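Working notes, beginning with the structure itself.
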Amino acid sequence: MAKFVFITGGVVSSLGKGLASAALGALLQARGFSVRLRKLDPYLNVDPGTMSPFEHGEVFVTDDGAETDLDLGHYERFTGVAARATDSVSSGRIYSNVLEKERRGDYLGKTIQVIPHVTDEIKDFIRIGAAETDFMLCEIGGTVGDIEGLPFFEAIRQFAQDEPRGQCIFMHLTLLPWIASAGELKTKPTQHSVKELRSIGIAPDLLVCRSEHPIPEKERAKLALFCNVRPDAVIAAYDLPSIYEAPLAYHREGLDQAVIDAFGISPAPAPDLTRWRDVADRIHNAEGEVRVAIVGKYTQLGDAYKSIAEALTHGGMANRVRVQAEWIDAEIFEAEDPAPHLEGFHAILVPGGFGERGTEGKIDAARFARERGIPYLGICLGMQMAVIEAARNQAGLADAGSEEFDHEAGAKRFTPVVYHLKEWVQGNATVTRRPDDAKGGTMRLGAYKAVLAPGSRVAEIYGTTEISERHRHRYEIDTRYRDRLEAQGLIFSGMSPDGRLPEIVERPDHPWFVGVQFHPELRSKPFAPHPLFADFIRAAVEVSRLV
Ligand code: GLN
């Protein structure tokens, strides 16, 4: 049976709970334990799939097709353990399950209440798969004291009572603000936050304190005394130049040891941190730099393309270069010539997206990359835009476009080179969709196989002709234009196994031009960079050597 670590946050949000959880997962793995991480989010959406990236950052998709919180991306990048649908839950999902059971009559006429029905539903979720792993790390979204979070806090409190003694610990992340005028780190907000936790019956075993300044011994002792934790369970979390230093930094501060001590595991297996030393070495000892333009829509918010930013960093690590990623708002190109904005970059990436806004600018970016021989990686919408660009400017389909934009505008304005997918094969079943279906969870989601053309660039990059990658899209490139596009040098080099859905396009006559219908960024790890990102950056390095 797993040991459970519940991770909560206090004082302010955005403290890096997800990162701390992921780093702890990596450290426990380094000591030979198996780990699984999961996120419990108090918001009322059933999942983040329908939320704008401005609201919630990136939507991370699992192999089994769940649309989840971006923290699951951190978990995977740090542990390599593929996240599953059962690793992410929200209040919306919990309530919707409870209400479904109530309608079915499962509760046999009982009055349905937050305690015990909602809390039981949460506890059942926490228990899923617990027999198969040494440690289950459960992060509770939000901050202690949030109204929506209360059922989750109550559920984890009960959970620790339900399990045998010593199976559960609580780790609380807080902030020690620095008051410049006094030259002091303040512990009071942490004390209040712990008091809040204790008022709902949870006594933290560990405090992880974010701080911009070293935490003096005196303050540690004070925190331990007033918050009722052991002094060596007060762990400092300082700002780091790279998130990938977090496992080594947390290890230095004694996080994994404190967790092992809290569970009374003795003797503690020694950690093997070779993987993280190598990662840190690649970050610190990069030779050179490449500049990559990311032409997208949600550029004001770094979190909207979290996995892409990380996958580019990994691509840099594979080539021992630093990647300077710059976000460019695609809409700029609708009024201005893209050239002055894009010249000087060693590669261009157009990421995924939804809706028409900004798409003409993405098409311009694809054209610029094609004409200037700049490495281009188009992901999902970025692939669709590269195809529309070729259709318009090379294949003579001046009004080529996507049905997505016609649906949005409620008028037919384009020849739909990209059409609304109405049917596809998943395993042995056929999935069908209609344009007026509900939006939540109805895209082509999760891992699907693709077959690569032998001898193509992508087959060479992957080193195989059969791949599986994660998808999240509603629209698809129409194969009826395949011959016309291939005649212009845009080759359909990856297809779904039934040959019906284009998965990859590439240009053999271009230094590096690849569009993928899936999201390779979701599978990239610092210790195992995704081959497409590694090779894209390699091509960028080549360009940087020419100029
Ligand atoms: N909006 C496009 C589609 O649904 C692309 C989706 C994406 O980029 N993830 O097909």
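The values are calculated or read from the model by the stated rules, or taken from the named source; none is laboratory data. None of the values given here were measured: they were computed from a predicted structure. Positions of Cβ are generated from backbone atoms using ideal geometry, with glycine treated the same way; all protein chains shown enter the neighbour counts.
Restricting attention to segment 398-409, the residues that are hydroxyl-bearing (S, T, Y) and more than 14 Å from the ligand (Cβ to nearest atom) add up to 0. Taken over segment 441-476, the criterion of being more than 15 Å from R500 (Cα to Cα), of a type in the set (A, V, I, L, M, F, W, C) and assigned to a strand (DSSP E or B) is satisfied by L445, A447, I467.
Just to be sure before I move on: is F170 of a type in the set (F, W, Y), at pLDDT 95 or above, under 18 Å from S90 (Cβ atoms) and not in a loop (DSSP other than H, G, I, E, B) in the structure I sent? Judged against the criteria, F170 is not a match. For segment 334-357, give me each residue that is out of contact with any Phe, Trp or Tyr (no Cβ under 9 Å at 6 or more places or on another chain) and within 16 Å of the ligand (Cβ to nearest atom). The answer is F354, R357. Any residue at all in segment 86-101 that is more than 30 Å from G353 (Cβ to Cβ), of a type in the set (D, E), in contact with a Lys or Arg (Cβ under 9 Å, 6 or more places away or on another chain) and at pLDDT 95 or above? No; the residues of segment 86-101 include none that is more than 30 Å from G353 (Cβ to Cβ), of a type in the set (D, E), in contact with a Lys or Arg (Cβ under 9 Å, 6 or more places away or on another chain) and at pLDDT 95 or above. Of the candidates A395, A390, the single residue that is more than 12 Å from the ligand (Cβ to nearest atom) and part of a helix (DSSP H, G or I) is A390. For segment 304-337, a residue qualifies if it is over 22 Å from H56 (Cα atoms) and free of Cβ contacts under 8 Å to residues at least 40 places away in the same chain, and the qualifying residues are R320, R322, Q324, I332, F333, E334, A335, E336, D337.
If I go through segment 397-421 residue by residue, how many of them are over 30 Å from the mean Cα position of the chain (by Cα) and either without any contact (Cβ under 8 Å) to a residue 40 or more places away in the chain or surrounded by 17 or more Cβ atoms within 10 Å (Cβ to Cβ) (or both)?
Going through segment 397-421, the residues over 30 Å from the mean Cα position of the chain (by Cα) turn out to be 397-400, 409-416.
Still in the list and also either without any contact (Cβ under 8 Å) to a residue 40 or more places away in the chain or surrounded by 17 or more Cβ atoms within 10 Å (Cβ to Cβ) (or both): 397-400, 410-416.
Adding up the residues that qualify gives 11.
Looking at L532, is it away from the ligand (no atom under 16 Å from the Cβ) and closer than 29 Å to R392 by Cβ? Here the answer is no, as L532 does not meet what is asked. For segment 523-538, the criterion of being more than 28 Å from A26 (Cβ to Cβ) and either out of contact with any Lys or Arg (no Cβ under 8 Å at 6 or more places or on another chain) or assigned to a helix (DSSP H, G or I) (or both) is met by no residue.
For V229, the conditions (1) in contact (Cβ under 8 Å) with a residue 24 or more places away in the chain; (2) closer than 20 Å to S13 by Cβ are fulfilled apart from (2).
For (1) touching a strand residue (DSSP E or B) at 6+ places or on another chain (Cβ under 7 Å); (2) within 15 Å of the ligand (Cβ to nearest atom); (3) more than 25 Å from V81 (Cα to Cα); (4) at pLDDT 95 or above, each residue gets a yes or a no:
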| site | (1), (2), (3), (4) |
| --- | --- |
| T442 | no, yes, yes, no |
| E460 | no, no, yes, yes |
| F492 | yes, no, yes, yes |
| F518 | yes, yes, no, yes |
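If the condition is being in contact with a Phe, Trp or Tyr (Cβ under 8 Å, 6 or more places away or on another chain) and more than 18 Å from A155 (Cβ to Cβ), then segment 1-18 contributes only G18. Look at (1) out of contact with any Leu (no Cβ under 7 Å at 6 or more places or on another chain); (2) more than 21 Å from Y419 (Cβ to Cβ); (3) more than 16 Å from the ligand (Cβ to nearest atom); (4) in contact (Cβ under 8 Å) with a residue 24 or more places away in the chain and you find that R523 fails only one, number (3). The residues listed here are E331, E371; of these, the one that is more than 16 Å from the ligand (Cβ to nearest atom), surrounded by fewer than 24 Cβ atoms within 10 Å (Cβ to Cβ) and closer than 29 Å to T68 by Cβ is E331.
For the subset of segment 415-440 comprising residues that are of a type in the set (S, T, N, Q) and in contact with a strand residue (DSSP E or B) (Cβ under 7 Å, 6 or more places away or on another chain), which member is farthest from the ligand (Cβ to nearest atom)?
T430
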